[in-house]
Every structure is written in structure tokens, then in C-alpha cells.
Amino acid sequence: MPTRVSTAQIFDGTHAHILKARDQQVTTAEQSATQKKLVRPSDNVGGWVKVNSLKDDQSVRETLNRNAAVASHVLSTTEGIFENVFNSLTRAYELAIAQAGNSDSLQNRQMVASEARELYNGVIQTLNTRFANRTLLGGFKSQGIAFDEEGNFLGDSGQIEIEVDRGLKIPINISAEQAVLGRGVLGGTNVIEALKTLLTGLEENNTEFVNSSIDLLRKSLEQMTTARAEIGGRMNGIKDALARHSLKDEHEAGLISEIEDADAIKVFSDLARDQTILNAVISTGQKLLNDQPFEKILG
Amino acid sequence: MAISNILETGRQGLETSRQALQLAAQNIANTNTPGYSRQKAVIESVEQEVTRGAVRGGGVRFREPLRVHDEFLEKQLIEEARGYGGAMARAGNIRRVQDIVGNEAFRVGDIVNNFFNSVRDLSANPEEPTLRVNLINAAKQASTNFQEIHRQLDGIRKDLDFQLETQVGRVNELTTELADLNANISRATALRAAPNELLDKRDAVVRELAQKLNVQVLTDQFNQKNLILEGVGVLVAGSEHNDLTVMRTPAEGEKVAGSADVFLKTPQALSKATHRLTDGELAGLVQVRDQVLNPAINGLDTVAFELTRTVNEVHRQGTGADGLSGRNLFREPNGVQDAAYFMEIEEGLESNPSMVATGFQADSPSDNRICLDIADLQNAKLLPHNLRDLKAPEPPVSGEYSDDTPAEENELGWGGASTTPSLEGQQTLNEALTNMIGEVGSRAHFEDEELRHQESIMQQLTNYRESVSGVSLEEEALNIMQFQTTFNASARAMKMGSELFQTILDIAD
């Protein structure tokens, strides 16, 4: 027996079909406008949780990247300081070797003393280098000079760390107490005292001082090399962190896109499909609604 | 048979056809009336009487308009209406919650990210006064954002209670109408009238009620529809009814203090009904409020509480640029409840950025250890998996609340519990926010699917009902033709009887 169809059913059914087709069209249009298939958590809960975590990561990594760049520049500048000091010490060492015996005249020795003095002043100035509003070798006390004219250390041993990766902090300053003053270093020496020893020997024409400065200057050179090596190690750590960030950025961006982004070609094809369906539903509805058997029966 | 019989039979035929035509017109007029059951003419022949060998009577009569209706289908519709009502209330309102917490244009997680990123920026350059100001602004922005989200969610909570009140009002209107209809149907039945329209109206009222709450519908021997809310009491009994009412009550389970509870008011007692609302729109509203919204707000409050508490704990250990220590970055929270709503930066911080501590040592502009420790909090597992375990006990409150009763406030204007919950580490602040929003999303997805399912069932049942009880214009057109023909034929028979009578009279003349 055929199913009975009431008049309201025909209208309600047509209405429901049109609404359904429109609803689908609106959903596809939203994807087209946003180019995203994941617009809200309920669209794909697992995907959304993953994407959200990745975006949190991205947000933090952006700052870590920035900090890593700052750390890199600070360490690079500090390396430059020690390079300059190393060069000055090398020259001082050469002068010490040359003046070790008593063979040179007083006049010559005084000229060498003058050069040594320039070297000494240059080293003090270099050790007080400021970068990004900070005296790099001052420790936490970074607003004033690190060393006064006499070579007295005015900073502290504070280690400034910067987070360059989640949970990874790298010190961006070198302890002047260790690197320059030799404190806490096995066989360490005070670089400034080494220079002062040479200077005193030259200025007072005291060969004994000149001779004893040779060993001190040699140790100072080694100390500078060690400090530069330490900086190099830290800069490698930063480079590794930046490389990890770059890799993560690439992978995470890809994963986020895979989960979140709509396939543009599919979306446009769906839009066309939905429009076709809507047209077909409307056309069918029109046929059903325009056909009025009631009128035909009654004539 | 007497000639008068022919006339009488013809008259009966005319009358019957007229009533049938009227019924067809009635059906056609109500084609689009929601819930209308078409009526069929029940026509029966009148028995002839044989008296002293003479046949008298016979003919036809219109017995009654039969309401074409399937009571079993009606029961199914009522049964499914509850599920549909509940799904509708839940899906729509959970979507609202999701739109706030899962808004892609403004990620809730970024509240935490932006704050900690500003701390990291300061840690890289603690000497920079601009970055202190930046941190203060980020802290202020975090507070404002937490407050705003809390306010919006609380707005939904208040709106759900308002919807509950409105729906309860509507339920009371419907139960009053149902009681009146029961009385009217009873009267009409006593007068042997066919109260078909009243029955349709009553079915529509019962269906609407079933969509609102999980009532049991019982039809008694007098065809009275009685409604019972199981475990609570009688809503409608014949022409009598009891009202529901809404009152603001203390906290219970996930329900917060001052939220609405539904009660049944009878002459004997006031009985709580909320816990017995298992389906329908009213239950849906309560479920969204207590199972989705309140946990989401609690999650937000917990994250805000833990953020302010732990940041303050570290910050107090540090020394500001002014050389002073022991100060907070945020106003110290009093408890988890409403922690997001009351979140603010410490007083005086905005006008005095040197209060921000970056390190432990005074006179050490590059000491950034406090900043690093604060930044570490973002990676720390500070919260347990189930944030519900952290909900601090509510302060005991006796008696009823008035409509706008706020939570208890201390002198600082903070509400909520005074005990600090114990916190164990299984998820970070970001993870807690993500999981909270994920739970809302998961529930929203489930309810969307459930609503689609319920809509499909309701549509099917409605179609079945329509196919049984709905008016078909084609059918009515045929009925019109049929009874019009019969009407004409009966008139013709009467005319023939009249002519016969006239012939007899002419013979007599």
C-alpha cells in the first residue's frame, strides 16, 4: 500500500531539504572564506588540541629565537673583547721578550714603556666595553665600568643567563673574575697585573719585573684563549638551539597546515557541488509545489 | 414505503452530505495548522423499521467526525520530544561557550603566552625600563583578558538561569492550559460533542511540555491527560495543576551558589526538582550550566589563581629597581573561585615600574634571575590532570539567596573560599587551558551529533504523524467531489419524491 503524503509534508519536506542544502553550502562557504577546515574545537577536537599546543610552542619559540639572537650578539661582542685583549697581550708579550735582557738603551726602553702604557690603557678600555646598555664584563653590576684605571674590578661574578630553548639557559656573560682576574681558575693569573708588571718593569727600568711579566703574560694569553673557547662553545649551543627552532618551525607549520587548512581545490569543488545540489533541490521543490492536483481534480 | 419516507431519506442524504462537505472544508482550512488531525466523516445507514407490515425509516446519518490519530505515534513523539528538547538546549548553549573559549581570533592560551614572553624579553634586557613597562602592560592585559572571558562565561551562566526561569514560566502556562483543556474535554464529552480540536490542542500542549521536561504522561479512564514528574510530584491531575518555581540556592556539586534550582510547589510542600530533570530543555540548560560551563569557569579560575599565586611567590623573593623586595606582581588571590574575575596587577605597579623585580640583588641592573624563574613557571607542571579536584570548598551559606546575591566578599572585594587548595603537577598552565577548551569542544561535537540524530528522529516521527493525521488536499478534493455528487443525487431524489407527491395530489384533485 502506497504511503500517504499530506500536503504539509510536501511543503515541510521541500523546506527541510532546502535548509539542509543551504546549511551545507554555508559550511563550505565558511571554509572557503577562512581557508580552514578546522575553525572551532568541535570541528576536530584531537586536531584542535594538537594545533593549539603547537601554536603555544610557536609563540614561545618566537621569543626564544629573539633572545637567542641577543645572546649570540652579546657573546660575539664579548668574544671580540677578548680577541682585542688577546692581541694586546700578544704585543705586550713580544715587548716583554724583547726587553727581557739588559741590552736595550734607556731611551728605547722608555719608548717601549710608552707603547706598553698605551696597550694597558687600551686593555682597560676594551674590558669596559658596553653593548646594549650593559658593561659586558661587569656581571650583574652592568651600568658602571667594570675596571677602574688601576685595574680594580668594580663588577661582580653574577652570571647572566638567557633562555634560548625550552628549559635551556645559556650564560651570555663571561665572568671577569675568572677570565681577567684568574680567580677560581687553576693556575690562573690576573691579566691586568701581568700588564702592570711589564709596565712597571719598563717604566722603572726594572729588568726583573720585565722578566717576571713574561710568564704572567704567557699565562694571560692562555687564559684569554680559554675564555674565547668557552664563548665559542656557548655560541655553538646557541647556533644549535636556533637550528632546532628553525627545524621545529618548519615541521610544526607543516603539521598545523595539514590539520587546520582546507584543501583550496577541494573547497572550490565542494562549493560548486553544493550550489548544484541547492539548485536541484529548489528545482525539484518547485515542481512538487507548482503541481496542484487539487485544482485539477475539482476542475 | 411512504412518499414522505423518500423525502425524509433525501433530506437525510442532503444533511449528511452537507456535514461531510463541511468537514472537508474544515480539513482544507486547517491544512497548515500545526498538530491538526484530519477528521473523517463517519456515516452510517439508519435501520429501517417494520411496523404492521409497513416499512418505515431507513436513510443515512452523519454519526460523528472521526479524528484520524495514532495514539502510539503520539506516545513515541512525546518520548522523543524530551531527547530532542534536551539536545537542542545543550547544543545551542554549549556552542556559545565554545565560541568564547575556542575563539581562533583570540586564543585563550595567548593570554599566558604573551605574559611569559614579556617576562622573557625582560630577562634578556633587565636594564631596560621600557621592558619593565612592557611587562606591566602584559600583566595588565592578561588580567583584563582573564576578567573578560570570565565575565562572558558568567554572562552565559546568568543567561542560562534566566532561560531556566523563562522556560519554567512557559511550563506553568502550559500546565494551566492543559488543566483547562482537560476540563473542557471532559465537559464536551459529557455533552456528547466530539472535542476533536480540543484533543489536538491538548496533544500539542503535552508535546511541548514533553520537550521541556521529562514528564510521565498518563491517560485516565476519563480521557484526562495527567502529568507526573517522576520522583517529585504531580504537575497536572485532571483540571488541577501545580506550578514549578525557580529559586536561587547555595552551592551543590558543580552548581555554584546563587544559581537557579527548580522546585515543584504543591499545597503540601515545596519539592526540589532539579536533580530529577533528566531530559528536556530544562534538564539541558542545567546540564550545560553545571557540567560544561561551571567546570570551564572553574578551569579558567584555577589557571588564573595558579598563575598569580606562583608568579607572586617568585616575585616576592626578588628586588625591584628601587631596592625593595617582598612585593607581588599581581593582587594576591584569595581562592580559586572567581580568581580570573578578580585578577589584577598589584596596586601602584603601573605608576612605579621600578617595583618590578628582575633579580635577587639590589643595585644589580643585569640580575635577571627572578625573570628567568618566573618564565620557568610556564614550563612547570603546576596543575593536576583533573582540575575539578582543586575546587576549593565553598563557604557555608544558609537559607535562600535572592536573585542578585553576590558571593561572599572579604574586605579586598574577593569572593570565594579562604582555603588554598593543594596543587600537584601533571600539566602546565597552557596544557590546562588547552584541555579545558578541548573538553568543551568535545562536548560540543557530541551534542551537535546528538542534535542531528534527534532532529532526524523527530523529523521521521513527524512525517509518520503527518502521513496518518495530516490533511491531503487531493484527498479532500476527492471527498468534496464525492459528497457534492451525493448531495446532488440526494437533492434529485427529493425532487423525484416531490414530483411523485404532486402526482398523487393531482390524482386526488
Item to check | Matching residues in the stretch B:256-267 - criterion: being farther than 26 Å from B:PHE146 by Cβ and buried (at least 23 other Cβ atoms within 10 Å of the Cβ) | outcome: B:VAL262
Checklist entry - Do you know which of the residues in the stretch B:465-502 that are among the basic types (Lys, Arg) and surrounded by fewer than 14 Cβ atoms within 10 Å (Cβ to Cβ) is nearest to the other protein chains (Cβ to nearest Cβ)? => result B:ARG492
Next on the checklist: Going through A:ARG22, A:ARG66 one at a time, which residue ends up being surrounded by fewer than 20 Cβ atoms within 10 Å (Cβ to Cβ) and under 30 Å from A:ASN236 (Cβ atoms)?
Outcome noted: A:ARG66
Checklist entry - Do you know which residues across the stretch A:203-227 are open to solvent by less than 60 Å² (accessible area, probe 1.4 Å) and in contact (Cβ under 8 Å) with a residue 12 or more places away in the chain? => result A:THR207, A:VAL210, A:SER212, A:SER213, A:ILE214, A:LEU216, A:LEU217, A:SER220, A:LEU221, A:GLN223, A:MET224, A:ALA227
Item to check | Subset of the stretch A:98-130 (residues that are of a type outside the set (Ser, Thr, Tyr), open to solvent by 30 Å² or more (accessible area, probe 1.4 Å) and more than 45 Å from the chain's Cα centre (by Cα)) | outcome: A:ALA98, A:GLY101, A:ASN102, A:ASP104, A:LEU106, A:GLN107, A:ASN108, A:GLN110, A:MET111
Next on the checklist: So for the stretch A:61-76 (the condition being away from chain B (no Cβ under 13 Å) and either part of a helix (DSSP H, G or I) or touching a residue at least 24 places away in the same chain (Cβ under 8 Å) (or both)), does at least one residue qualify?
Outcome noted: yes
Next on the checklist: Six or more apart or on different chains, Cβ atoms under 8 Å: show the pairs whose first residue is in the stretch A:134-152 and at the interface with another protein chain (Cβ under 10 Å from one of its Cβ atoms) and free of Cβ contacts under 8 Å to residues at least 12 places away in the same chain and whose second is among the small types (Gly, Ala, Ser) and open to solvent by 40 Å² or more (accessible area, probe 1.4 Å).
Outcome noted: none
Checklist entry - Counting just the residues of the stretch B:41-69 that are outside any strand (DSSP E or B) and open to solvent by less than 60 Å² (accessible area, probe 1.4 Å), which one comes out modelled with the lowest pLDDT? => result B:GLY58
Next on the checklist: Quick check on my filter: what residues within the stretch B:99-125 are open to solvent by 10 Å² or more (accessible area, probe 1.4 Å) and either under 30 Å from B:VAL217 (Cβ atoms) or in a helix (DSSP H, G or I) (or both)?
Outcome noted: B:ASP99, B:ILE100, B:ASP110, B:ASN114, B:ASN117, B:ASP121
Checklist outcome for this item: Across the stretch A:21-43, the tally of residues that are over 32 Å from the mean Cα position of the chain (by Cα) and not in a helix (DSSP H, G or I) stands at 0
Checklist entry - Mind checking whether some residue in the stretch A:164-181 is within 13 Å of chain B (Cβ to nearest Cβ), among the acidic types (Asp, Glu), touching a residue at least 12 places away in the same chain (Cβ under 8 Å) and open to solvent by less than 10 Å² (accessible area, probe 1.4 Å)? => result no
Checklist entry - Within the stretch B:268-290, how many residues turn out to be touching a helix residue (DSSP H, G or I) at 6+ places or on another chain (Cβ under 8 Å) and open to solvent by 10 Å² or more (accessible area, probe 1.4 Å)? => result 6
Item to check | Per-region count, the stretch A:184-198, residues farther than 19 Å from A:GLY233 by Cβ and either open to solvent by less than 40 Å² (accessible area, probe 1.4 Å) or in contact with a strand residue (DSSP E or B) (Cβ under 9 Å, 6 or more places away or on another chain) (or both) | outcome: 7
Checklist entry - Hey, B:ARG96 hits all of (1) within 30 Å of B:LEU372 (Cα to Cα); (2) open to solvent by 40 Å² or more (accessible area, probe 1.4 Å) but one; which does it fall short on? => result (1)
Checklist entry - Can we say A:PHE11 is within 11 Å of chain B (Cβ to nearest Cβ), over 30 Å from B:PHE106 (Cβ atoms), open to solvent by 50 Å² or more (accessible area, probe 1.4 Å) and part of a helix (DSSP H, G or I)? => result yes
Checklist outcome for this item: Of the residues in the stretch A:259-299 that are surrounded by 13 or more Cβ atoms within 10 Å (Cβ to Cβ) and small (Gly, Ala, Ser), the one that is modelled with the lowest pLDDT is A:GLY285
Checklist entry - Do you know which residues across the stretch B:23-40 are open to solvent by 30 Å² or more (accessible area, probe 1.4 Å), assigned to a strand (DSSP E or B) and in contact (Cβ under 8 Å) with a residue 40 or more places away in the chain? => result none
Item to check | Per-region count, the stretch A:25-46, residues more than 10 Å from every other protein chain (Cβ to nearest Cβ) and either among the small types (Gly, Ala, Ser) or open to solvent by 80 Å² or more (accessible area, probe 1.4 Å) (or both) | outcome: 5
Checklist entry - Between a first residue in the stretch A:187-202 that is under 13 Å from A:SER88 (Cβ atoms) and a second residue that is open to solvent by 30 Å² or more (accessible area, probe 1.4 Å), which pairs have beta carbons less than 6 Å apart while being 6 or more apart in sequence or on different chains? => result A:ALA194/A:LEU216
Checklist entry - Restricting the first residue to the stretch B:186-201 and requiring it to be open to solvent by less than 50 Å² (accessible area, probe 1.4 Å), which pairs with a second residue that is β-branched (Val, Ile, Thr) and assigned to a helix (DSSP H, G or I) meet a Cβ separation below 9 Å and a spacing of at least six or different chains? => result B:PRO195/B:ILE185; B:PRO195/B:THR189; B:LEU198/B:ILE185; B:LEU199/B:ILE185
Checklist entry - Going by the structure shown, is B:THR358 outside any loop (DSSP other than H, G, I, E, B), over 43 Å from the mean Cα position of the chain (by Cα) and in contact (Cβ under 8 Å) with a residue 12 or more places away in the chain? => result yes
Next on the checklist: If I go through the stretch B:352-381 residue by residue, how many of them are in contact with a Ser or Thr (Cβ under 7 Å, 6 or more places away or on another chain), more than 8 Å from every other protein chain (Cβ to nearest Cβ), under 22 Å from B:GLY425 (Cβ atoms) and buried (at least 24 other Cβ atoms within 10 Å of the Cβ)?
Outcome noted: 2
Item to check | Residue count, the stretch B:126-142 (criterion: surrounded by 24 or more Cβ atoms within 10 Å (Cβ to Cβ) and facing another protein chain (nearest Cβ under 9 Å)) | outcome: 1
Checklist entry - Is it the case that A:ASN236 is part of a loop (DSSP other than H, G, I, E, B), of a type outside the set (A, V, I, L, M, F, W, C) and under 25 Å from A:ALA68 (Cβ atoms)? => result no
Checklist outcome for this item: Scanning the stretch A:78-93 residue by residue, the ones that are surrounded by fewer than 17 Cβ atoms within 10 Å (Cβ to Cβ) and either small (Gly, Ala, Ser) or within 14 Å of chain B (Cβ to nearest Cβ) (or both) total 1
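The values are calculated or read from the model by the stated rules, or taken from the named source; none is laboratory data. Keep in mind that what you see is a predicted model, and the values were worked out from it rather than measured. Note that we place each Cβ from the backbone using ideal geometry, even for glycine, and neighbour counts take in every protein chain shown. For accessibility, only protein heavy atoms count, side chains too; no ligands or nucleic acids. Shrake-Rupley method; radii C 1.70, N 1.55, O 1.52, S 1.80 Å.
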